[in-house]
Protein chains: 2
Amino acid sequence: MQENEEMGKTGIVYRIKKLKGFSFLHIIVDGKIIQAIFEGELPDAIKEQSAVAFTGIARKAQIKDKLIFPNDLELKITSLEALSTPSEIFPFDITKKELNINNSVLFDLRALSMRHPKIKAIFKIQEAIVIGFRSYLHRQGFSEIRTPKIVKAGAEGGANIFELNYFGSKAFLAQSPQFYKEFCCGVFQKVFEVGPVFRAEKHNTNRHINEYTSLDMEMGPIKSFFEIMKTEEEILKEIMATIEAQCSYELNLLEITLPQIKEIPVLKFSEAKEMVFKEYSIDERQEPDLSPLEESKICEFIKKKTGSDFVFVTHYPTVKRPFYAKESLHNREETESFDLLFRGIEITTGGQRIHEYHELIEKMQYRGMNVEEFTFFSNAHKYGLPPHGGFGMGLERLTQKIIGLDNIKEATMFPRDVTRLFP
Amino acid sequence: MQENEEMGKTGIVYRIKKLKGFSFLHIIVDGKIIQAIFEGELPDAIKEQSAVAFTGIARKAQIKDKLIFPNDLELKITSLEALSTPSEIFPFDITKKELNINNSVLFDLRALSMRHPKIKAIFKIQEAIVIGFRSYLHRQGFSEIRTPKIVKAGAEGGANIFELNYFGSKAFLAQSPQFYKEFCCGVFQKVFEVGPVFRAEKHNTNRHINEYTSLDMEMGPIKSFFEIMKTEEEILKEIMATIEAQCSYELNLLEITLPQIKEIPVLKFSEAKEMVFKEYSIDERQEPDLSPLEESKICEFIKKKTGSDFVFVTHYPTVKRPFYAKESLHNREETESFDLLFRGIEITTGGQRIHEYHELIEKMQYRGMNVEEFTFFSNAHKYGLPPHGGFGMGLERLTQKIIGLDNIKEATMFPRDVTRLFP
């Protein structure tokens, strides 16, 4: 709105402050909160959380509040009508600067707690992340795909998969779109998907949820998995630029500084282990994976040394990667793979995949897998797939770490964990 | 590419035609097929479906083929290297103008059959539909939301819901994001989601699949459900414009004419029934829903009368709509709801929802529902929701009908039906 502009709008009353002869109203209009002055007695039907239709004239505001947008104007109400009235007053004060309710209430009453401007802001930033991800990949000629969530076989193996009865057959919820995005590399060459994935992990931590959104991409033909990392770096730059451009209100409200991305440092897995041992006297060099502690120390070290919040760790041991991961030519015990760590935790796993049919079959046999069962997958390799690879990035973890939230569930609209299946 | 341009690219060899002393190659580059000439003996590793790296110079082409883009140029290859070579030749001829394999093979070997240009084109058009949907709604200030697919209660009721074991509790796969998008109306007011939904319907027809993509929106505050229909009309216009702008190659290949949308005609449910009876002597006026035959006749009649491929049918009987549908003020036996029919079938169900808490509780009691069980839903109403409504549109049906495919499964990358759970 602009000074002296007359406007007629609908909105939601967020806050009412009654004074002598008039009331201050904060009204949510088009996603932003405006300040309005209503002179006289406020009708009974107008309460906090009422939907209203109103007209008014914009004028210079006295009070500046970063909740208000634009914060130099207020609206003098000329007509006001209630479109809905809540039956009861809110079970907690949604107009407080900080909500400060415990996580159990926060999530039990998610439809209500999300109305707090600082919680809503989390999801506007999350939305911008997805917009940035998509917009970069679309511009680079990637095709958006839609792959099934009810599947016959899990891509990641292991026990952490949800099972369901599919008309009398055993079926599973997809742990990742891996097989399908590889198929689609044979069709479109460069593809991405933004969709839900499901992990039946029993541990209830501040970094795990059982249903999350995966930002997945897969591309071919490639000559090295470094091309994938380069693409991820460019994606992350665009994500930060999109948040910057679309979410200045939210960044200001949450007091966030976005990470600066220039060139993301790269460390080999074995070098990273050695560094953690040397710098922090933590010796987990015999373990074939990074522990949460090591991940956190690697990030700490890289931040101190280079200023970067992100770091790529490459060449993870073959034994810890899935069967479809491509082994390095010169050393079959490590893979052409990477994780991306961000502010202490892993947010991406990626790498080059096996594209050669016989290599895939040998690998499955070596692992004692039922080769027949995966014919639907290996068929694509048999009849030709380009050298390809990609990554999956957890949207909620990325959101959590950009904003600096303690718990990944705070970055999930309706989180699912071992004990939480509602709302 | 342009005449005399030197280019170095990677791609997939789609077709090889060997002649005396040289070969014609069709190579897929950046999603389009270019024509290339290779002089001399083609290396063994270069086969159809090989990935290749090449350089060449563009020159005027002799042969014009609508498969080729741009179709007035060809590339004289100056260097060619195989990046991958298939182990076996394709099980069917993917270079034929029409694939002509039966649906069972088509879907069993989906990773291969999708490589046919005319099948791939279906999914490029589908992608453009989603881009148009999102881009219109983003521009109108809608927020994109992500709602859970593992839920405690189904939104649509009935038996057609998949059940799963969630760490010892009974859980379901979401039939629709309905409850969640209503919650989000209280948070963001205008929201949309593009995501999978699951229906355990046992009938295996050419218009049903068990996992599909729903284009969902919900908006508030509204004064009438006609605002939702108006928004859907604008969305459809943008979808068609997006396909037109992004998919001229595919439209040409599939020989499709897009539907023209001006103002979509509107018929009341009862009027539509009467019209079908009068015009076609089909008397199903006692039934509280439209049969597939009636839907098809309504479309036929409207097309003949107005030229429109779309028609809104409004005010469906209360008895056939879910408990959250808003009844009309003057007649509680009908609802403030609509379906959108397109070329013979329903592609959208929408309408205004109950936003008033007591109205919702009464409706649930009247239907004999367990009110307690839905507290997580009715809480949002208790503490205030704007008058709101929205719709869900099936992406695969819309794709099917725009392109003119016999079976909805052809418009699904990896379809799921009663007997099909793979690939």
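Nothing in this text is a laboratory measurement; each read-out follows from the coordinates by a stated rule. This is a predicted model, so every value here is computed, not measured. We place every Cβ from the backbone using ideal geometry, glycine too, and count neighbours over all the protein chains shown.
Summary for A:A45: label point 7 Å along Cα→Cβ; distances to the equivalent points in the other copies, ascending, 7.7 nm.
Applying the Karplus relation 6.51 cos²θ - 1.76 cosθ + 1.60 with θ = phi - 60° to the stretch A:60-68 yields 3J(HN,Hα) values of 4, 9, 8, 8, 10, 8, 6, 6, 8 Hz, where x marks Gly and Pro.
The other copies place their A:S248 label points at 3.7 nm from this one, listed shortest first, where each point is 7 Å from Cα along Cα→Cβ.
Springs between Cα atoms under 10 Å define the GNM used for chain A, and in it the highest mean-square fluctuation of A:A159, A:A128, A:A411 occurs at A:A159. Using only the Cα atoms of the stretch A:6-84, build the gyration tensor, take square roots of its eigenvalues as a ≥ b ≥ c, and label the shape rounded, prolate or oblate: rounded if a/c is under 1.5, else prolate if a/b is larger than b/c, else oblate. Rounded is the answer for the stretch A:6-84, as its axis ratio a/c remains below 1.5. Spin-label pair B:K230-A:S224: with each label point 7 Å from Cα along the Cα-Cβ axis, the two points sit 5.8 nm from one another.
Each helix, a run of at least 4 DSSP H residues, gives -39500 (n - 2.57); summed and divided by the residues of the protein assembly as shown, these come to -9000 deg cm²/dmol at 222 nm. Shown for A:L405: label points 7 Å from Cα along the beta-carbon vector, and their distances to the equivalent points in the other copies, 3.6 nm in ascending order. Charged neighbours of A:L251, selected by a Cβ distance under 11 Å, balance to -1 (K, R count +1; D, E count -1). If R0 is taken as 25 Å, the Cβ-Cβ distance between A:F22 and A:S87 corresponds to a FRET efficiency of 0.40. The mean of 1/r over all distinct Cα pairs in the protein assembly as shown, once inverted, gives the Kirkwood hydrodynamic radius of 29.0 Å.
Subtracting the Cα-Cα distance of B:R332 and B:R139 from their residue separation scaled by 0.36 nm leaves 65.9 nm. Both radii are taken from the alpha-carbon atoms of chain B; with Rh as the Kirkwood radius, Rg/Rh is 1.05.
Of A:K9/A:K237; A:K149/B:K124; B:K124/B:K326; B:K237/B:K320; A:K152/B:K149; A:K152/B:K401, which ones are farther than 27 Å apart at the Cα? The answer is A:K9/A:K237; B:K124/B:K326; B:K237/B:K320; A:K152/B:K401.
Think of the axis that spins chain B onto A; the B residue whose C-beta lies nearest it, and the distance in whole Å, is B:L164, 2. Cα extents for the stretch A:219-261 along the principal axes, largest to smallest and rounded to whole angstrom: 44, 15, 10.
Expressed to the nearest 5 percent, the antiparallel share of DSSP beta bridges inside the protein assembly as shown is 90 percent. Among B:K363, A:K20, A:K32, sorting on how many other beta-carbon atoms sit within 10 Å of each Cβ, with the fewest leading, yields A:K20, A:K32, B:K363.
Were the residues from B:E359 through B:T55 laid out at 0.36 nm apart, the gain over their Cα-Cα distance would be 102.5 nm. Legend: ranking of residues A:H381, A:H358, B:H388 from fewest to most surrounding C-beta atoms inside 10 Å; resulting order A:H358, A:H381, B:H388.
Of the Cα atoms belonging to the stretch A:1-133, the radius of gyration and Dmax stand at 15.6, 51 Å. For A:K120, the lysines whose Cα falls under 16 Å of its own Cα, not counting residues fewer than eight places away in the same chain, are A:K32, A:K66, A:K96, A:K97, A:K409, B:K181, B:K190. Comparing B:T231, B:T306, B:T314 in a Gaussian network model of chain B, where Cα atoms under 10 Å apart are tied by springs, the biggest mean-square fluctuation is seen for B:T306.
The angle separating the long axis of helix A:226-246 from the principal Cα axis of greatest extent in chain A is about 0 degrees. In the stretch B:329-371, the inverse of the mean reciprocal separation of distinct Cα atoms equals 12.5 Å; this is its Kirkwood hydrodynamic radius. In a DSSP loop and with at most 11 other Cβ atoms within 10 Å, the trypsin sites (Lys or Arg not before Pro) in the stretch A:213-261 are A:K223. Sites listed here are trypsin sites (Lys or Arg not before Pro) in the stretch A:279-335 whose DSSP assignment is loop and whose Cβ has at most 11 other Cβ atoms within 10 Å: A:R285, A:R332. Would you tally the net charge around A:Q260, using a Cβ to Cβ cut-off of less than 12 Å, leaving A:Q260 out, and scoring K and R as +1, D and E as -1? Surrounding charge for A:Q260 is 0. With N counted as the residues of the stretch B:337-423, its alpha-carbon radius of gyration over 2.2 N^0.38 Å works out to 1.53. For the pair A:N407 and A:E263 in one chain, pulling the backbone fully straight at 0.36 nm per residue adds 49.0 nm over the alpha carbon distance. Note on A:K278 and B:A45: with the Förster distance fixed at 45 Å, the Cβ-Cβ geometry gives a FRET efficiency of about 0.50.
Taking amide H as placed 1.01 Å from N in the peptide plane, A:L83 has its amide H under 5 Å from the amide H of A:A51, A:V52, A:A53, each at least 5 places away in sequence or on another chain.
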